[in-house]
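The values are calculated or read from the model by the stated rules, or taken from the named source; none is laboratory data. Computed from a predicted model, the values in this text were never measured in an experiment. We place every Cβ from the backbone using ideal geometry, glycine too, and count neighbours over all the protein chains shown.
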Amino acid sequence: MTVQLPDLVPSELRRRWKAQGVYPGRPLFDLFRERAREHPEAVAVVEPSSTTSYAELLRAATALAAELSRRGVRRGDVVAVNLANGWRALAADLALAATGAVCLPYPLGRRRQDTMAILGRSRAVAALITRTVGDQDYARTVDDLRADLPELRHVYVDGRPLPGMRALEPVWHSPAPDADRLLRASPDPDSAVRIIVSSGTEAAPKLVAYSHNALAAGRGRLLRNLHADDEEPLRLLCMVPLASAFGSVGLAALCVLGATVLVTPRFSSAATLRMVAGQRPTHLVGVPTMYQEILTDPALPNTDVSSLRCVVSGGAQLQPETAARLRRDLCATVATVYGSADGANSHTRPDDPAEVVDTTAGRPDPSIVDLRIVDANGADVPPGHTGEIWARGPITPLCYVNDPDLNRRYRAPGGWVRTGDLGAMAPDGRLRLTGRKKDIVIRAGLNISPAEVELHVSSHPEVAGAVCRGVPDTLLGERLAVFVAPMPGAEPLTLPALQRFLLTERGLERAKLPELLHVLPKFPFGPSGKVDRGQLDALVRATGSSAPRTDDAA
């Protein structure tokens with residue numbers, strides 16, 4: 001049964017954005033096909049060992065669309081996609097957009113529980129999956145779950161398929177003589193085209209449905225704002241998973257801007273630097289921990305970075321010290337993006353001064369979204385005061401998928417989305433982020449923002465990056481643990497030395513000092529490309545947390 005995806009934004013607002021020209025009013029595949037006809041031989045996707053032209057990507061997407069249509073995949077059906085970064089993942093997005101089905105991409109690395117939640121809640125009728133992910137036989141994981149997934153009729157495998165599954169590779173190259181007949185009618189641009197998976201603060205992944213118009217308008221406008229030079233073609237190196245909310249800029253870059261998207265199957269600083277030197281991207285897209293790894297990579301000083309125009313960071317707060325090193329060592333401007341799968345967005349611009357980039361999340365663009373800062377009763381607070389960030393605008397998603405409880409909790413009257421993020425809006429319209437409603441450590445009755453402490457710890461000259469977490473404590477309720485990745489060649493950092501630095505150099509209140517220190521060679525990444533905070537919490541549980549101490553977890 002096709003899952004229902006109602007639009008919880010008032011229809012008159014969608015009509016207004018369409019009348020204003022904010023929405024293109026055309027489905028994503030039609031936009032991409034137009035780009036492919038304009039420059040068929042232009043490079044669409046660059047991978048470490050191959051390039052794919054717009055014409056080749058169009059042929060592959062059309063072949064897959066025809067195959068799925070012949071197998072009975074219809075408009076509104078959900079198809080899950082678990083493929084590595086590359087042309088295949090983008091072709092799958094485009095193929096499903098062509099059929100009117102809904103693409104549900106999710107990053108590699110999900111295990112059994114998350115897989116069951118994602119495929120079950122979405123009622124996916126088909127799945128395109130990678131056979132092995134690390135040491136995990138992912139095809140077998142899906143196969144073991146099929147008895148509990150009655151809607152899942154077709155499974156295509158990138159790699160050797162199991163019995164009852166089909167090989168994906170031959171499909172890309174199969175002729176599609178009936179494609180014109182199968183894909184004759186374009187889907188409604190206000191209908192769902194993509195479901196974004198977001199773990200957030202929920203026990204199970206949240207599934208958020210977006211329309212063609214919302215993705216094209218929101219992500220397309222964001223890219224235009226970040227690409228100031230219309231004379232130079234955009235070459236976007238996307239380090240985050242294309243399946244993530246942030247990674248959906250890759251699809252928009254193809255469909256809206258006709259750009260070139262560069263990717264590696266999985267992030268590593270070494271692979272990224274080779275791509276920068278060899279393929280000359282103009283823009284990088286990543287999260288702060290990725291940039292911290294790049295800045296400490298021994299190959300960086302000998303890497304040609306002259307093609308870079310802008311380094312775009314999102315997913316977490318970029319510390320000023322990291323931003324300064326990016327400007328110096330990558331010789332590029334820095335732009336930061338605040339956003340979420342729930343449809344919030346605000347960003348700095350490439351021409352913003354360093355002070356604006358380092359201290360704010362820029363201004364929300366009303367052609368993407370409007371933001372409100374509200375109190376506990378949903379009333380707007382004065383400029384400069386902290387409250388919860390509410391979002392509503394052209395990028396706002398349709399709904400949470402098959403989850404009335406999430407829709408009740410996170411959707412407010414009038415189409416607003418409660419983000420759960422805390423911030424303050426300055427009189428000049430710039431947003432300052434202060435944390436999350438649920439991400440507060442309460443120590444002996446004192447509310448401590450981990451984001452605030454991370455900012456101070458990251459300023460230490462021997463720290464490349466920092467993450468703070470609350471640790472349960474029977475006496476105080478919670479204590480604060482800090483995980484740090486050291487700069488190359490740094491002297492071993494001790495907890496007393498760090499505490500002295502925070503007290504004397506940064507003026508941090510004594511009650512906010514971290515009481516446990518874990519030194520890591522580098523941070524663990526989750527499937528979405530962000531720091532896997534669950535692994536950090538597990539490390540604390542494994543090593544104990546009853547007394548303040550320093551742990552070397554290397």
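The residue that is surrounded by the fewest Cβ atoms within 10 Å (Cβ to Cβ), among those in region 445-482 that are assigned to a helix (DSSP H, G or I) and among the small types (Gly, Ala, Ser), is 451.
Residue count for region 221-241 satisfying the condition of being without any contact (Cβ under 8 Å) to a residue 60 or more places away in the chain and in a helix (DSSP H, G or I): 2.
The requirement of being at pLDDT 95 or above and on the phi > 0 side of the Ramachandran plot is fulfilled nowhere in region 330-339; no residue meets it.
Any residue at all in region 31-53 that is in contact (Cβ under 8 Å) with a residue 60 or more places away in the chain, hydrophobic (A, V, I, L, M, F, W, C), more than 24 Å from residue 283 (Cα to Cα) and not in a loop (DSSP other than H, G, I, E, B)? Scanning region 31-53, I find no residue that is in contact (Cβ under 8 Å) with a residue 60 or more places away in the chain, hydrophobic (A, V, I, L, M, F, W, C), more than 24 Å from residue 283 (Cα to Cα) and not in a loop (DSSP other than H, G, I, E, B), so the answer is no. Annotation for region 242-259: no member residue is crowded, with 24+ Cβ neighbours inside 10 Å, within 17 Å of the chain's Cα centre (by Cα) and assigned to a strand (DSSP E or B).
Can you find, within region 184-201, the residue that is modelled with the lowest pLDDT among those that are β-branched (Val, Ile, Thr) and assigned to a strand (DSSP E or B)?
197
With respect to the conditions (1) more than 28 Å from residue 239 (Cβ to Cβ); (2) loosely packed, with under 15 Cβ neighbours inside 10 Å, residue 23 falls short on a single one, namely (2). Within region 111-124, being part of a loop (DSSP other than H, G, I, E, B) and buried (at least 23 other Cβ atoms within 10 Å of the Cβ) holds for one residue alone: 124.
Among 58, 94, which is crowded, with 24+ Cβ neighbours inside 10 Å, within 21 Å of residue 258 (Cβ to Cβ) and either not hydrophobic (A, V, I, L, M, F, W, C) or not assigned by TED's automatic domain parsing to the domain that holds residue 262 (or both)?
Within the list 58, 94, the selection yields 94.
Listed by position, the strands (runs of 3 or more DSSP E) contained in region 287-391 that have at least 3 residues being of a type in the set (A, V, I, L, M) are 333-339, 370-374. Of all the listed residues (328, 309, 349), the sole one being free of Cβ contacts under 8 Å to residues at least 24 places away in the same chain, over 22 Å from residue 449 (Cβ atoms) and surrounded by fewer than 21 Cβ atoms within 10 Å (Cβ to Cβ) is 328.
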